[in-house]
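One structure is given below, encoded as C-alpha cells.
The values are calculated or read from the model by the stated rules, or taken from the named source; none is laboratory data. Just so we're clear, the structure is a prediction, and the values are computed from it rather than from any experiment. Note that we place each Cβ from the backbone using ideal geometry, even for glycine, and neighbour counts take in every protein chain shown. Only protein heavy atoms, including side chains, enter the accessible area calculation; ligands, DNA and RNA are left aside. Shrake-Rupley method; radii C 1.70, N 1.55, O 1.52, S 1.80 Å.
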Amino acid sequence: MSMVEEPLYPIAVLIDELKNDDIQLRLNSIRRLSTIARALGEERTRKELIPFLSENNDDDDEVLLAMAEELGVFIPYVGGVEHAHVLLPPLETLCTVEETCVREKAVESLCRIGSQMRETDLVDWFIPLVKRLAAGEWFTARVSACGLFHIASPSAPEMLKTELRSIYSQLCQDDMPMVRRSAATNLGKFSATVESAHLKTDIMSMFEDLTQDDQDSVRLLAVEGCATLGKLLEPQDCVAHILPVIINFSQDKSWRVRYMVANQLYELCEAVGPEPTRTDLVPAYVRLLRDNEAEVRIAAAGKVTKFCRILNPELSIQHILPCVKELSSDSSQHVRSALASVIMGMAPVLGKDATIEQLLPIFLSLLKDEFPDVRLNIISKLDQVNQVIGIDLLSQSLLPAIVELAEDRHWRVRLAIIEYIPLLASQLGVGFFDDKLGALCMQWLQDKVYSIRDAATNNLKRLAEEFGPEWAMQHIVPQVLDMITNPHYLYRMTILRAISLLAPVMGSEITISKLLPVVINVSKDRVPNIKFNVAKVLQSLIPIVDHSVVEKTIRPCLVELCEDPDVDVRFFANQALQSVDHVIMSS
C-alpha cells in the first residue's frame, strides 16, 4: 500500500465498521476512536472524523453512550483547547436522544469540554448551543440544557447572563415535568455561579416556583436544592426564604417529599443556624420521627444522633428521646434497625446520667429484638457507650444479652458477636474476659456453621495477640489441643486451622513443644481431608521453627504423606516439601 493511501485506511475501516450490522463491531470501532484520531492527525480528525460522527445517527444506545464518553476526552486529538468547539456538534445531537443515560453522558462530556474552553469560545460556541437546546422542540433537548448552565454562565457578559437566567426561569416552568425535574436538580449548581445580588431575586423566584410544583417528583428535588441554596445565602435570608419552605415540606402530602426532608434535615440545620433549628426545625423533625410512613421514619431515625449533636442535651432529652423510645418499639423492623445503627452515638451527646437512665433500657430492648439486624447494629457500636458509662455498668446490663446472642439461632448474629469479641476483650480486660466470655470462644469452635468455626479460629488468634502468648498458653492452647480428638473430622480440621493461626503469635518455642507434635500425630488420621490440611499446616510452620526441626520432624512426616493413596494428600505434601527444599536452599 502506498504512503498516500495509508492514512485513509483507518477511516475507511471505521466507516465500514460503524455501518456494520454487528453491534459489537460498531462498539469496538467507537472505543478505538482515539487510536484512529491519532492515525489521522489533528486536522483530518477535525475535518473528516468529527463531521462523520455528527452525521452518524446510530440507533443503538450502547454505541451512542460509548461515543458520548469518548468525545469527552477528545480535546487533545483535535488540536487542543483552541479547537475544542468542533466537538460540540456531535455531542449536541446526543443531548437530544431518547435514552436518558446517553443524554447524561453527553451533558457530562460537554461540561468537561466547556470547563476547558477559552472564554471567547464559550461565548461564541458553547452559550449558543445551550440556548438552542433550551429552546428545543423535543423535551429531551431542554432536559439536557439544564445541566449546562453552570458551565455557560460564569464567562458570559452581563447581558448574556441576564438572558441565561431568564431562560432557566422558563425551564423551571416548562410544561413537561421531566424538564422541571432537571431544572430542580441543577438549580444548586447554577446558583453557585450567580452573583449574590441576583440570588435573592431571580434564583429565589425560580426556587419558589419549583417548591410549589404540583408534581411531587419535582418538589422532592427542590428539597435537595434547599441545603445548597441555604449555604449560598446569608443566614438571615436563609431563615426568611428557605426555612418556611422546609417547614412546609416536612408536612407535604407526598411521603417521598417528607422522606427527602428527613434525609436532608441535618444539612438544612447547618444552613439556617442554631437558633431557628431549636425553635422551628425541632418540631418539624419530631413530626418526621412520628410520620405515618415507615420510610420517612427510617430516614429520620437514621439521623437522630447527628440531629442531637446540634441541640443541647436538655433539648434532646425533652423532645427527641420520647420519640426514640417510641421508635425502639416501632412496628417496622427496618425503622428499629435504622435506629439501632445510630442510637449508640447518642450516649456521648447526652452524657452519663441520661444514658444510664434513659438510653440503657432502650439498648436492652433493641438487643432483645426479634429481628437479627437490629441486634447486630447495637452490638457493633457498644464501644461508644462503654466510653460514657464505663465497663462495670455496661457488663452488668448488657453482658447477659451478649451471651444470649452468642447462642443466637441466626448464624450471622453469632458471627457478628465473634467479630466483636476482641474489641470487647480489650475493653473488659483479661480478668473479666476469662470469667464471662472465655468458655464461649471455645464453644464456637464446635459450631455447626463453617463460617462461625472459621471466625472462631481468627478470634482466638486476635485474643492471643491482645493478651499475649503466656495468657494464651494458659487459657487457649490446652483447650484447643484437647479438641483434636473430636470424632467429627470437620471439627478436627477447625483445630488444625486454629493451630496454623496461633503458631506465629505463640512463637517458635511453644510451637515446637506443644503445637507441632499434635499436627504430626494427626498426620496418621484416616480422613484424607485432614491429612492434606496437615500438609498445609506444616508448610505454614516452616518459617516459624528451626531448620533442624524442619529436617528432623517436618520433612519425614511430609515424605510419608507423599506416599499416601489419595491424590490430593500427595499434591499438598509435595507442595510443602518444595517449600522445605526452598527454605533449606536459601539458607
Exercise. In degrees, nearest 10, range 0 to 90: what is the angle between the Cα axis of helix 333-343 and the longest Cα principal axis of the chain?
Worked result: 80
Problem set entry | Separation of the VAL567 and SER205 label points, Cα + 7 Å toward Cβ, nm | 8.2
Exercise. Can you give me the pair-distance distribution of region 28-181, C-alpha pairs, 10 Å bins, whole percents?
Worked result: 11, 41, 34, 12, 2
Exercise. Say each of HIS547 and ARG278 gets a label point 7 Å from the Cα, pointing the same way as Cα to Cβ; how far apart are those two points in nm?
Worked result: 7.6
Seminar exercise, completed: Along principal axes, largest first, the alpha-carbon spread of region 164-279 in whole Å comes out as 38, 34, 17
Exercise. For THR193 and SER217, what is the calculated FRET efficiency with R₀ set at 30 Å and r taken between the beta-carbons, to the nearest 0.05?
Worked result: 0.75
For this session: Could you tell me what percent of the accessible area of the chain is made up of carbon and sulfur, with a 1.4 Å probe and every protein chain present?
Result: 51
Exercise. Can you give the relative contact order of region 481-586 as a percent, counting alpha carbon pairs under 8 Å and 6+ residues apart?
Worked result: 25
Problem set entry | Nearest 10 degrees, 0 to 90: helix 216-232 Cα axis against the chain principal axis | 90
Seminar exercise, completed: Rounded to the nearest 10, the angle in degrees between the Cα long axis of helix 391-406 and the longest principal axis of the Cα atoms of the chain comes to 90
Exercise. Per residue, how much accessible area does the chain have with a 1.4 Å probe, in Å²?
Worked result: 45
Problem set entry | Hz values of 3J(HN,Hα) by residue in region 311-316 - Karplus curve (6.51, -1.76, 1.60), Gly and Pro given as x | 8, 7, x, 4, 5, 4
Exercise. In whole percent, what relative contact order does the chain give with Cα contacts below 8 Å and a gap of six or more residues?
Worked result: 5
Exercise. Considering region 460-587, what Rg and Dmax in Å follow from its alpha-carbon atoms?
Worked result: 14.2, 43
For this session: List the lysines whose Cα lies under 22 Å from the Cα of LYS19, skipping any in the same chain that are fewer than 8 positions away.
Result: LYS47
Exercise. Stretch GLN575-ASP61 to full length: gain in nm at 0.36 nm per residue minus the Cα-Cα span?
Worked result: 179.9 nm
Exercise. Which semi-axes, in whole Å and largest first, does the equivalent ellipsoid of the chain have when worked out from the alpha carbon gyration tensor as the square roots of 5 times its eigenvalues?
Worked result: 60, 43, 19
